[in-house]
1. I'd like the full set of residues that are under 16 Å from Val206 (Cα atoms) and outside any loop (DSSP other than H, G, I, E, B), limited to the stretch 80-103.
2. State all residues of the stretch 153-171 that are open to solvent by 60 Å² or more (accessible area, probe 1.4 Å) and within 15 Å of the chain's Cα centre (by Cα); if no residue qualifies, say none.
3. Checking Glu5 against (1) at pLDDT below 85; (2) in a helix (DSSP H, G or I); (3) among the acidic types (Asp, Glu), only one condition comes out false. Which one?
4. Just to verify a result, which residue in the stretch 40-86, among those that are of a type in the set (Phe, Trp, Tyr) and over 16 Å from the mean Cα position of the chain (by Cα), is farthest from Val172 (Cα to Cα)?
5. Which one of the conditions (1) of a type outside the set (Lys, Arg); (2) part of a helix (DSSP H, G or I); (3) at pLDDT 90 or above does Gln114 fail to meet, given that it meets all the rest?
6. Would you please list the contacts, defined by Cβ atoms under 7 Å and residues six or more apart or on different chains, that run from a residue in the stretch 55-75 that is of a type outside the set (A, V, I, L, M) to a residue that is open to solvent by less than 20 Å² (accessible area, probe 1.4 Å) and modelled with pLDDT of 90 or more?
7. Considering only the stretch 140-151, I want to know if a residue exists there that is open to solvent by 60 Å² or more (accessible area, probe 1.4 Å), farther than 22 Å from Gly193 by Cβ and touching a residue at least 60 places away in the same chain (Cβ under 8 Å).
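The values are calculated or read from the model by the stated rules, or taken from the named source; none is laboratory data. Computed from a predicted model, the values in this text were never measured in an experiment. Because the Cβ atoms are built from the backbone with ideal geometry, glycine has one as well, and the counts that use them run over all protein chains shown. Each accessible area value is taken on the protein alone, full model and side chains, heavy atoms only, with ligands, DNA and RNA left out. Shrake-Rupley method; radii C 1.70, N 1.55, O 1.52, S 1.80 Å.
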Amino acid sequence: RITPEPFSLGEFLRTFWVNPVANPDFFWAFTGRLLLYTGYFAVTGYQLYLLQYYFHVDHPETVIPMLGLLSLVGIVISTAVSGPLSDRVGRRKPFVFGSAAFVSLAFLLPWMWQDITAWMIMTFIAGFGFGMFQAVDTALISEVLPSAKSFAKDLGVVNIAATLPQTLAPAVAGAIVLAVGYAGLFPVAIVLGILGALAIWPIKSVR
């Protein structure tokens with residue numbers, strides 16, 4: 001009979017730690033994803049309120065299904081194209097950088113042009129960039145995992161960079177809205193996206 005080891009909270013928490021000094025490529029990949037996701041969800045998570053109070057759409061709930069379709073089309077197209085193309089040319093970083101730039105620059109539209117049409121165009125472009133990021137950044141991260149003995153655990157750590165922003169971004173966005181209004185979400189998201197893109201370039205083990 002095998003007796004299970006007693007549970008240790010400290011030991012459990014240490015399993016999520018990856019030394020950034022010993023594994024800088026993994027650290028930069030994690031950071032890039034964390035920053036881009038935070039910026040993306042800070043804006044998209046407030047879509048209903050932006051439509052209602054920034055674009056002054058009378059019945060925003062009737063527009064959201066169409067916006068979801070526009071985003072989905074962008075995601076599907078970019079995922080289908082960018083993943084195979086990245087494999088063919090043997091490059092990851094330019095695609096990840098480009099996808100982050102797509103998402104960031106898309107947020108310029110509704111910031112500079114306060115109209116529902118700008119939001120629709122932004123939704124498609126940001127979805128296109130987000131789909132490209134999902135496809136290629138996942139491949140990039142799989143190539144910078146610290147150890148072959150802990151792939152599953154390390155992928156779980158990477159998933160924190162995707163799920164944590166979805167939890168924190170609404171709170172961050174709420175503070176921004178209270179401080180400077182809804183328009184303040186866009187420059188913050190742009191800066192976070194650009195920083196997320198720049199975080200990819202220090203990675204040395206992946207082209």
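1. Gly83, Leu85, Ser86, Asp87, Arg88, Val89, Lys93, Pro94, Phe95, Val96, Phe97, Gly98
2. Within the stretch 153-171, Asn159, Thr163, Leu164, Gln166, Thr167, Leu168 qualify.
3. With (1) at pLDDT below 85; (2) in a helix (DSSP H, G or I); (3) among the acidic types (Asp, Glu) applied to Glu5, the lone miss is (2).
4. Phe55
5. (2)
6. Here the result reads Phe55/Trp119; Pro60/Leu51; Ser71/Thr123; Ser71/Gly127; Gly74/Gly127; Gly74/Gly131, each pair linking the stretch 55-75 to a residue that is open to solvent by less than 20 Å² (accessible area, probe 1.4 Å) and modelled with pLDDT of 90 or more.
7. Yes, some residue in the stretch 140-151 is open to solvent by 60 Å² or more (accessible area, probe 1.4 Å), farther than 22 Å from Gly193 by Cβ and touching a residue at least 60 places away in the same chain (Cβ under 8 Å).
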